[in-house]
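Some notes on the structure that comes next.
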Amino acid sequence: MRIVYHLGAHCTDDDRLVRCLLKNRARLAEQGIVVPAPTRYRKLLRDTALQLRGAAASEETEAMILDQIMDEPSADRLILSWTSFLSFPAYAVSNGLYGQGGQRLRTFTQIFPDIEAEFCLAIRNPATFLPDLRDRAREKGHDDILEGVDPLSLRWSGAVRGILDHNPGVPLTVWCDEDTPLIWPEVLAVVSGHATGTVLEDSDELLGLLLTEAGLARYHAYCREHPPQSVSQRRRIVTAFLERFGRPERIEVPITLPGWTEELVAALTREYLTDVERIAQIPGVRLLEP
């Protein structure tokens, strides 16, 4: 069996991925892919990791935890999704960007020391990610997590290296949240591992958020009449519909953080693009691109 840890990150997915896979749970189960409800494992894994304090679980503990997560007697692939595997939002920038994420993630994989692991992570331009993260932390009653933090010092590549350093040999797939509308079917396939040709129901939730209601209906009608013959053709179709029927308020994210200038936003964006190139060169990382 292999356990796939979908790590979020925060402010990228909002559980859309796991909701889609849950809706297709029966179909995926036919292929040996188990998708438990997050309520069955998020608090359980957090509490178990605290009890183990980084030590490897015994065979008995591992089996007991799996029994609480799964109804199935066995699986080829188990999907666990939680944006706080790397950190809670309030602490995501307390020591670099997810500076303790790799070590924290190791405490979770040690709950299942005898089972292969795989990681999947979406990253996002810090120019929009950091204000969103700050707002979510403040909604939970925390102080301004960006106070005293130089946003230009935060690198996703550092978080990626930390994940790999503390979890050697575990494959990691990374994609940019900004690309998700164009690569969503590939993201679902990478995380679930379903067989080629598998059709997932309700896999257009993301497009439904970005397109007008009329635009989504026309997109579906167009694809019925002209089924995409390749991944690249589907991406071209999606791009065309986003350009014509996209909701500007959903596609163009306003940045209103006090003290942030257009120059800073531009610098963060340039550094992000450079950082993505760094990540693509890190051994053990697969970068999904449009």
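Any read-out appearing in this document is the output of simple, stated calculations on the displayed coordinates, not a laboratory observation. Because the structure is a prediction, the values reported are computed rather than measured. When we count neighbours, we look across all protein chains shown, and the Cβ atoms used for this are built from the backbone with ideal geometry, even at glycine.
Structure values in brief
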read-out: Projected area averaged over orientations for the range 167-260, convex hull of C-alpha atoms, nm²; value: 9.1
read-out: Among (1) 0.98; (2) 0.92; (3) 1.03, the entry derived from the coordinates for Cα Rg over 2.2 N^0.38 Å; value: (3)
read-out: Placed amide H near L287: partners under 5 Å, 5+ positions off or other chain; value: V174
read-out: Residue-by-residue Karplus 3J(HN,Hα) for the range 63-72, coefficients 6.51, -1.76, 1.60, Hz, glycine and proline x; value: 5, 5, 5, 4, 5, 7, 8, 10, 8, 6
read-out: Mean Cβ neighbour count within 10 Å, used as a protection proxy, ranking 107-119, 256-268 highest first; value: 107-119, 256-268
read-out: Taking the range 137-290 and dividing mean pair separation by its residue count, relative contact order in percent (alpha carbons under 8 Å, at least six apart); value: 46
read-out: q = 0.13, 0.18, 0.22 Å⁻¹, the range 17-145: log10 I(q)/I(0) [Debye, one scatterer per Cα]; value: -0.64, -1.09, -1.35
read-out: Peptides 235-246, 120-131 ordered by average Cβ neighbours within 10 Å, highest first; value: 120-131, 235-246
read-out: Virtual spin-label span in nm between Q31 and R278, 7 Å along Cα→Cβ; value: 3.5
read-out: Inter-probe distance in nm under a simple model that places probes 7 Å from Cα toward Cβ, at E116 and Q229; value: 3.6
read-out: Cα pair distances exceeding 16 angstrom across the range 1-76, given as percent; value: 58
read-out: Descending semi-axes in Å of the range 42-88, equivalent ellipsoid built from Cα gyration tensor; value: 19, 15, 9
read-out: Segments 92-100, 34-42 sorted - mean Cβ within 10 Å per residue, highest first; value: 92-100, 34-42
read-out: Spin-label pair D135/T39, simplified geometry with 7 Å Cα→Cβ offset, distance in nm; value: 2.8
read-out: Amide H contacts under 5 Å for A56, placed H, 5+ residues apart; value: none
read-out: Extension gain (nm, one decimal) between S84 and K23, 0.36 nm per residue minus Cα-Cα; value: 19.7 nm
